[in-house]
Structures are given as C-alpha cells and as structure tokens.
Amino acid sequence: MPDSKKVSAVEYLYAEVSDANTILGTIDSGLLSTYQGKDRAGWQQFYRKNRAQLAKELESLPASGFSDEDTRAIAAMRKQMKAFTGGGALFSPAAKCQDAARKDLAYPALKSALVACFVEIGNSLSFEGGKINRVSALDLLHETSDPARRKAVFFAFVPLWKAINGNNEPDSPYRRMIAGAAAAAARNGSEIENAARDVGQNPAEVERWLVQILDAWREASGNAMIEPWDFRFQAGEADRLLGSYIPREALQPINQRYYRDLGADLQQMGTLYDLSPRPGKAALAYTEFVTHGRMVNGVWKPTVARVSAPYERGGLFVLNELVHENGHVVNITAIRNRPAFVDWPSDLFAEAFADVPAWSTYEPVWQRRYLGHEAPEQLSLRALYSVVVLDVAWSLFELRMFRAPHTDPNALWTEITSHYLHIVPHPELSWWAVRVQLADLPGYMVNYGLGAILTAEMRQHISEALGAFDTGDPRWYGWLSEHLLRYGSERDTRTLMEEFLGRPVSPRPLLEQIHRLQPVVPHTGGPGSRPVFGR
Ligand SMILES: [Zn+2]
C-alpha cells in the first residue's frame, strides 16, 4: 500500500493505464476484438486520455518528501510507463522484410524489418511441396529419421538465413543491425550487462561461466563430429520415443494437469490461450499480461495472463515450450504487490523461472506420470541439455558480437559450435539465424543461456527446501509465491536470488546436472540403431 495519498491516486491511475496498454496488446495480437465490452477504439481513447493524465501527474509529483517505498514505486511507474506501446502486435511489426536490404535504414527500423522476415519467411518455409513454420521445422529436426529428409528440413531455412544475413557480407542486414545494437548498448547499456548485474558479476565473469557450461557439454558428448542438421536429431531420441504420446491436442490437457498438481489451476485463473498458427501472427511463443492484479475494496483481483504460440504439431520439444510459457503465467499471477510493482521481474529471472517447471518434462518420473511412458534418463537429459547448450552457445555468440560488432558472425558461430558442440564447420551458412530474439531483442539470448544457471539453482533449492516436484506438489505454487514471486518488479534479481538461496548464484548446480550425462560412445548410426552410453 502507498504511504502517501498523493502517490496512491497516481498509482490507481497507473494501474488503469497499464491495463489498457496490455488489453490493446491483446486485441492487436488478434486474439479478441473486444474486452469488457469495449472495442479497440474505445480502449485506445481511454488509453490516450489517461496516459496523458498519468504522465502529467507523475511529472508534477515533488522530488522529495515521500517514504522510501513510495519513492521506489514512483521510479518503477516512470520506468515501466516508458515501455508502454498502446497496442501493436508483439513480435509482428508493420515493417516489411524486404526493407532489411535497404542500406539507409536506421537501427530501430532495420530491427523491425528483420523481425518481419521471421514472420513473413519463418512462418512459411517451403518443405516437400508444402509450407511449415519455424517451430515445426525445428521440431522436425529432432524427429525426422531419414537423413536426406532431415537435411532437407535444415535447408528449408535458407531463405530466412539469407534475409537475415545476406551472403554474410560485411554490410549484411544482420551485421548492420548488430553494429547499431552495439552502438545503442554503448549509450544505454545492454541485456548482457543487465544480466551480469542481476547475478552480481561483470560480463567477463558471465562469459567464463558460459564457457564452463559449454566445456562440460564438450566433455560429455564424445569426440565424433556431427553435421548441424544431425545435432538435434542425435540428441533428440527422447523426443522421438515420446512424440507419439503427445499429439497436438494433448499439449494443453497435459500442461494444465501438471500445473494443477503444482497448485496452480490455470483455467480458474482465467488464462487466455491463442495457440494455433495464423498468417501474420507472431513467429514465436510468448506470454504477456492481459490485466494486472490489484486490491479492489480489500479483495485481491487476480492478474489475467495470455499465452500466444504458433503450434502446428505436438511433441516433447513443443510441450516443454508450452510448460515454459505457463511458467511465465504462474510467475506473474503469483505477484501480490502494489500496482507500481505488479509487473515483470528482470528478463533474466523471468526466463530462468519459466524453465523451473519446464525442465521436469525431461525427467523420466514426470514422463511416466503425465505421458504414461518414459524415455531412459540418459536420453531425456541429453535432449534437454542439448537445447540448453544451444542457448548457451547463442549467449556466448551475442556477448562476443556486442563486444566486437565487426566480427564475422558465421565464423564466430562456427568456432563456438565446432569446438564445444562438435558440429562440422559450415561457415558458408548463417544457420545460427533461427531465433527471433536475435533480431527483435539483440543480446536477449543471455537470459536463456545464463538463465539456465539460475534455473538449475532454483530447482535444486526448491527440491531441498520443499521437496521434489517433478510429479507435482500442491504446495509448490503458494510456497514459491511467498518466497520468490510475490514481489513482481520490486526486487532486483540479485537480492531476490541471494535471499532465496542464502548465497550468491553459482554455475555449480547446472554443471552438476550436465555431469549427470555420461559420454556417448560413437556408433555407426543407420536406421534403428541406438546410441550406446557408458564410460
Ligand atoms: Zn520465455
């Protein structure tokens, strides 16, 4: 609760504007056309009028004379309000992909054009005479056992790679964009610096941690070199063993049952889902507020969240992502704070926390309970950590691109993936360019790569303090709300994590997880053959 009446009035207005902002985002995502009886025009009018009023009132608050708590709330409102867009579809800009080729385009417009490439091209890759989207293509790389067909899926990405990075010439669209991103970061700071600060370290130490994780994988994955189109397949046997038990229509029931077992009833929370593909829709899965929880006449009116995704297929890889998105849902619905702080925690914390429940999908006990079948532990762990180390590889890639933006990205990606992931060099292909974040939010990948370190920390600590939760625990949601999630944007991640763990964040728990993997003994391959594990 605010200490000052003056702040209280502004904060009430802030809550109204903040809701109008995310309701407009919901309408513009295409999920619905009216909300609470008001259409887009009605919400827009409401938003414009009240936002202008809010800006005026925030500005006219005196610079001193408030309690510490109110002062921080005012700062939070000012900062969060800057990010309000008043609608517009997330990850689906009005820009055109073809504009990415224009050399005169300024950084923000260039970035939008590259995101448009993911929507225009990534949502309709040509494969076997038909069209598939990027998420399906990545899933097919795990599941397609015919080597020639698998290679064809991989090469379906070529038009996207070309749109993003041309022929990797020094002034390719991506190379011009990353130079702009590095220049902007020099002025305003980068996601990488933010993430480093969130764990109480500097970017150089973050880089050492990322390298340690990659090294642990390098040691646990044998010496045989593998083609990039075979990497996900070789690591993805668990996905293949379980794929048939996770048809597209089973994704939601499984997801909802798991969260019910964790004490979070997503249906009762009123979470909105928009999970089918649609032309022009955002090319990736994401979660956002629809309305923000707050006290109304002494009763908590809960946060409503929405999940957007373009799912054409089922499978374990997709299910893991859906459980991740709903990790975001429970994170924001668990916030209990004054309106100024009912907002996202840091990007690093949000991405790391979403994987706390999601990683369970790769534990055999989880699979037995929710799928009725399980893959052997070693195969499940390899599937999970192959995805994690790819995120770590992208994190290291971006960290180094930001440090030296004139670096040849294909050469850098080849160096990282050939040394740590034993992937055959293909510097002629920009095959790193499959993540929307690389264009939309340069530097953001660190929140997944470094985030994995926080995920492992949180999973370990919860298991020790509360007990194992891979097959559910009805106390889980309430306990995490109380100990970790209720603060929203109030607490910085470093303080939050140090109080939760009782010590600073360390890469050790993730390294221990990767060490659960036993080295692969190379095998000759061929249809039906299985990798052999053992030392
Ligand atoms: Zn996420």
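What are the residues in the range 157-193 that are part of a helix (DSSP H, G or I), polar (S, T, N, Q) and buried (at least 17 other Cβ atoms within 10 Å of the Cβ), if any?
So the first thing to find is which residues in the range 157-193 are part of a helix (DSSP H, G or I), and the list is 158-165, 173-188, 191-193.
Restricting the remaining residues to those that are polar (S, T, N, Q) gives 165, 188.
Hit for the range 157-193 is N165, nothing else.
D347 - would you say it is within 16 Å of the ligand (Cβ to nearest atom) and surrounded by fewer than 21 Cβ atoms within 10 Å (Cβ to Cβ)? Yes: the conditions hold for D347. Against the definition (closer than 26 Å to A282 by Cα and either assigned to a helix (DSSP H, G or I) or free of Cβ contacts under 8 Å to residues at least 60 places away in the same chain (or both)), how does P62 come out, yes or no? Against the criterion (closer than 26 Å to A282 by Cα and either assigned to a helix (DSSP H, G or I) or free of Cβ contacts under 8 Å to residues at least 60 places away in the same chain (or both)), P62 does not qualify.
Quick one: would you say H406 is more than 23 Å from D230 (Cα to Cα) and either of a type in the set (V, I, T) or more than 22 Å from the chain's Cα centre (by Cα) (or both)? When the stated conditions are applied, H406 passes them.
Can you tell me how many residues within the range 244-253 are in contact with a helix residue (DSSP H, G or I) (Cβ under 6 Å, 6 or more places away or on another chain) and either buried (at least 19 other Cβ atoms within 10 Å of the Cβ) or free of Cβ contacts under 8 Å to residues at least 40 places away in the same chain (or both)? Please lay out each step first, then the result.
Residues of the range 244-253 that are in contact with a helix residue (DSSP H, G or I) (Cβ under 6 Å, 6 or more places away or on another chain), as a first pass: 245-246, 251.
So of that shortlist, the ones also either buried (at least 19 other Cβ atoms within 10 Å of the Cβ) or free of Cβ contacts under 8 Å to residues at least 40 places away in the same chain (or both) come out as 246, 251.
Looking only at that region, the number is 2.
Hey, does the range 88-98 have a residue that's modelled with pLDDT under 95, of a type in the set (S, T, Y) and surrounded by fewer than 20 Cβ atoms within 10 Å (Cβ to Cβ)? No, the conditions are met nowhere in the range 88-98.
Can you name the residue in the range 374-387 that is out of contact with any helix residue (DSSP H, G or I) (no Cβ under 6 Å at 6 or more places or on another chain) and part of a helix (DSSP H, G or I) and, of all such residues, is farthest from the ligand (Cβ to nearest atom)? The selected residue is Q378. Scanning the range 424-438 for residues that are charged (D, E, K, R) and under 15 Å from P173 (Cβ atoms) returns no hits.
Looking across the range 361-373, the residues that are under 18 Å from E237 (Cα atoms), away from the ligand (no atom under 16 Å from the Cβ) and assigned to a helix (DSSP H, G or I) come down to Y362, P364, V365, W366, Q367, R368, L371.
Taking the criterion of being among the aromatic types (F, W, Y) and within 16 Å of the ligand (Cβ to nearest atom), the residues of the range 242-283 that qualify are Y259, Y273.
If only residues of the range 124-156 that are of a type in the set (D, E) and part of a helix (DSSP H, G or I) are counted, the one that is farthest from M445 (Cα to Cα) is E143.
Against the test of being outside any strand (DSSP E or B), among the small types (G, A, S) and within 16 Å of the ligand (Cβ to nearest atom), the options A354, A340 yield a single qualifying residue, A354. Among the numbered conditions (1) loosely packed, with under 14 Cβ neighbours inside 10 Å; (2) within 32 Å of the chain's Cα centre (by Cα); (3) in contact (Cβ under 8 Å) with a residue 60 or more places away in the chain, the only one that A75 does not meet is (3).
Is it the case that P228 is surrounded by 20 or more Cβ atoms within 10 Å (Cβ to Cβ) and in contact with a Phe, Trp or Tyr (Cβ under 6 Å, 6 or more places away or on another chain)? Spelling it out, P228 is indeed surrounded by 20 or more Cβ atoms within 10 Å (Cβ to Cβ) and in contact with a Phe, Trp or Tyr (Cβ under 6 Å, 6 or more places away or on another chain).
Filter the range 284-328 down to the residues that are within 12 Å of the ligand (Cβ to nearest atom) and within 19 Å of L140 (Cα to Cα), then identify the one that is modelled with the lowest pLDDT. Spell out how you get there, then give the answer.
Of the residues in the range 284-328, the ones within 12 Å of the ligand (Cβ to nearest atom) are 284-288, 307-309, 320-328.
If we keep only those that are within 19 Å of L140 (Cα to Cα) as well, we get 284-285, 309, 320-322.
Values: L284: 85, A285: 93, A309: 95, N320: 96, E321: 95, L322: 97.
That would be L284.
In the list G472, G488, G478, G443, which residue meets the criterion of being within 30 Å of P159 (Cβ to Cβ) and either in contact (Cβ under 8 Å) with a residue 40 or more places away in the chain or assigned to a helix (DSSP H, G or I) (or both)? Talk me through it step by step, then tell me what you get.
Values: G472 fails: within 30 Å of P159 (Cβ to Cβ); G488 fails: within 30 Å of P159 (Cβ to Cβ); G478 fails: within 30 Å of P159 (Cβ to Cβ).
Of the residues listed, the single one that is within 30 Å of P159 (Cβ to Cβ) and either in contact (Cβ under 8 Å) with a residue 40 or more places away in the chain or assigned to a helix (DSSP H, G or I) (or both) is G443.
Among the residues of the range 322-337, the ones that are assigned to a helix (DSSP H, G or I) and over 15 Å from the mean Cα position of the chain (by Cα) come to 1 in all. Scanning the range 4-37 for residues that are among the β-branched types (V, I, T) and either at pLDDT 95 or above or more than 25 Å from E59 (Cβ to Cβ) (or both) yields V10, V17, T22, I23, T26, I27, T34.
Residues satisfying the criterion are absent from the range 195-212 (criterion: surrounded by 19 or more Cβ atoms within 10 Å (Cβ to Cβ) and either at pLDDT below 95 or under 20 Å from A358 (Cα atoms) (or both)).
For V119, indicate whether it is closer than 30 Å to N165 by Cα, in contact (Cβ under 8 Å) with a residue 40 or more places away in the chain, of a type in the set (V, I, T) and in contact with an Asp or Glu (Cβ under 9 Å, 6 or more places away or on another chain).
Working: closer than 30 Å to N165 by Cα: yes; in contact (Cβ under 8 Å) with a residue 40 or more places away in the chain: yes; of a type in the set (V, I, T): yes; in contact with an Asp or Glu (Cβ under 9 Å, 6 or more places away or on another chain): no.
No: the conditions fail for V119.
Here E288 clears all of (1) buried (at least 20 other Cβ atoms within 10 Å of the Cβ); (2) in a strand (DSSP E or B) except the condition numbered (1).
Considering only the range 443-451, I want to know if a residue exists there that is of a type in the set (F, W, Y), surrounded by 21 or more Cβ atoms within 10 Å (Cβ to Cβ) and more than 16 Å from the ligand (Cβ to nearest atom).
No, there is no match, as no residue in the range 443-451 is of a type in the set (F, W, Y), surrounded by 21 or more Cβ atoms within 10 Å (Cβ to Cβ) and more than 16 Å from the ligand (Cβ to nearest atom).
What tally of residues in the range 116-140 results from selecting those that are of a type in the set (D, E, K, R) and farther than 26 Å from D99 by Cβ? Number of matching residues: 2. The lone criterion from (1) within 14 Å of the ligand (Cβ to nearest atom); (2) surrounded by fewer than 21 Cβ atoms within 10 Å (Cβ to Cβ) left unmet by I332 is number (2).
Please work out if E398 is away from the ligand (no atom under 16 Å from the Cβ), outside any loop (DSSP other than H, G, I, E, B) and under 18 Å from the mean Cα position of the chain (by Cα). Before the answer, list the steps.
Values: away from the ligand (no atom under 16 Å from the Cβ): yes; outside any loop (DSSP other than H, G, I, E, B): yes; under 18 Å from the mean Cα position of the chain (by Cα): yes.
Here the answer is yes, as E398 does meet what is asked.
The values are calculated or read from the model by the stated rules, or taken from the named source; none is laboratory data. These numbers come from a predicted model, not from an experiment. All Cβ positions, even for glycine, are placed from backbone atoms using ideal geometry, and neighbour counts span all protein chains on display.
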